[in-house]
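The values are calculated or read from the model by the stated rules, or taken from the named source; none is laboratory data. Everything numeric in this text was worked out from a predicted model, so none of it was measured. For neighbour counting, all protein chains shown are included, and Cβ atoms are generated from backbone atoms with ideal geometry for every residue, glycine included.
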Amino acid sequence: MASRDPLEVMITVDVEAWPRCEDWKRDGLAGDLARDVYGATPDGDFGIKYQVDLLKRHGLKGVFFIEALMACEIGIAPLAKIVEDIQETGSEVQLHIHTEWFEKMSDPLLGSTRAYNIRELSREDQVVVIETALANLRAAGAHNVNAYRAGNFGADFQTLEALAQCGIRYDSSYNYSYLESECGLDIGEMLVQPRQLEGLWEYPVSSFRDYPGHYRPAQLCAVSALEMQAAMQQAYSEAWRSFVIVSHSFELLRDRKLPQDFAHPDWSVIRRFEALCEFLAANRSRFRTVGFLDLDTRPVVGDFAPLHPPIAQSTARTAARMASQALRRLPREREESIRKTLARFGLDKL
């Protein structure tokens, strides 16, 4: 039997913070960055430092899409610290933009123009926004930025044209679950594998069918460890080229938006992330974590987009994940008590 190339797995993390602290302008967003980016909790930090260190310990790499428009208001220094913390571990920094920052800017980038999603802007204005954020990220020390993801996955085909004009070669804003809301990249069929669109390569967030007629994105907080592993194994068996996982810098936290001074660790999602790293490290012959800079080192020829996604979860795995989600809606102390009981039976990886 001929050997098969490993499935290229992208562990992508959107890195962003939003002003919730009253004194955010005075302290340069310090409190919000501590919570949303560095994941500060009374039990330790579970943001980007924890995530890149865990990836490095397992010999893996991640792709961190950093929101760079915020630097227009808080300066380059906080952005530079984030870039350094990621790049020094061998993981990759790429561009992320949330145009909601327009409403927080003392000197708005486009005057009175406001946009929840970048696709709400003209192509010309999108170019201005992308060039500005890209300049911020480069000034912060980011190396060879060549990929982008829109905030809220809110890109359209004009966004892809604008990105190509700005020298960006790859986009990962396509998320099937967002096509009926924020994402404007509907091509008339479900995009599963990388495809050339509007002058660049689109790398879609991977999805699987969790029950008939419904697809779920491969997002860390949205699927169980068993579902993620099963989806990747089936993608490998179906000879997929790429599998894109999405997460956020704050995704390992809970109670993040409550009116309090700190968030708490979300041990359920933390265990999922740890299980993901352990699984990929133990199965290197079938799975290889890559970044977009790795794609520039070898030619990409043809499209890799099967018309009908082959991935479908078992009813048992879907039911187990739904049970886990129900647990997460309980008060934190009650959830942990139940999970400790489940751990005695080897059921703590849900």
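Okay, here's what the table says:
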| quantity | calculated |
| --- | --- |
| Residue selected from the range 1-35 under the condition within 17 Å of E84 (Cα to Cα) and among the charged types (D, E, K, R), by the criterion farthest from the chain's Cα centre (by Cα) | E16 |
| Contacts under 9 angstrom Cβ, first residue in the range 59-74 being among the acidic types (D, E), partner surrounded by 22 or more Cβ atoms within 10 Å (Cβ to Cβ) and part of a helix (DSSP H, G or I), 6 or more apart | E67/L79; E67/W101; E67/A133; E67/G151; E73/W101 |
| Number of positions in the range 280-290 that are in a helix (DSSP H, G or I) and touching a strand residue (DSSP E or B) at 6+ places or on another chain (Cβ under 8 Å) | 1 |
| Any hit, the range 190-206, residues being aliphatic (A, V, I, L, M) and surrounded by fewer than 16 Cβ atoms within 10 Å (Cβ to Cβ) | no |
| Condition broken by I86, with the remaining ones in (1) touching a Phe, Trp or Tyr at 6+ places or on another chain (Cβ under 6 Å); (2) not in a helix (DSSP H, G or I) satisfied | (2) |
| Of residues in the range 46-68 being small (G, A, S) and within 19 Å of W18 (Cα to Cα), the one surrounded by the most Cβ atoms within 10 Å (Cβ to Cβ) | A68 |
| Which listed residue, of A230, A235, is buried (at least 23 other Cβ atoms within 10 Å of the Cβ), touching a strand residue (DSSP E or B) at 6+ places or on another chain (Cβ under 9 Å) and not in a loop (DSSP other than H, G, I, E, B) | A235 |
| Qualifying residue in the range 28-38 (condition: of a type in the set (A, V, I, L, M, F, W, C) and on the phi > 0 side of the Ramachandran plot) | yes |
| From I168, I187, residue being surrounded by fewer than 24 Cβ atoms within 10 Å (Cβ to Cβ), without any contact (Cβ under 8 Å) to a residue 24 or more places away in the chain and either under 18 Å from Q94 (Cα atoms) or over 18 Å from the mean Cα position of the chain (by Cα) (or both) | I187 |
| Among the residues listed as D23, D53, the single one being touching a residue at least 12 places away in the same chain (Cβ under 8 Å) and charged (D, E, K, R) | D53 |
| Among residues of the range 98-154, those that are in contact (Cβ under 8 Å) with a residue 40 or more places away in the chain, surrounded by 17 or more Cβ atoms within 10 Å (Cβ to Cβ), outside any loop (DSSP other than H, G, I, E, B) and hydrophobic (A, V, I, L, M, F, W, C), counted | 8 |
| Conditions (1) among the hydrophobic types (A, V, I, L, M, F, W, C); (2) at pLDDT 95 or above; (3) surrounded by fewer than 23 Cβ atoms within 10 Å (Cβ to Cβ); number of the one not met by L276 | (3) |
| Test set (1) touching a Phe, Trp or Tyr at 6+ places or on another chain (Cβ under 6 Å); (2) acidic (D, E); (3) touching a residue at least 40 places away in the same chain (Cβ under 8 Å) - D45 fails condition number | (3) |
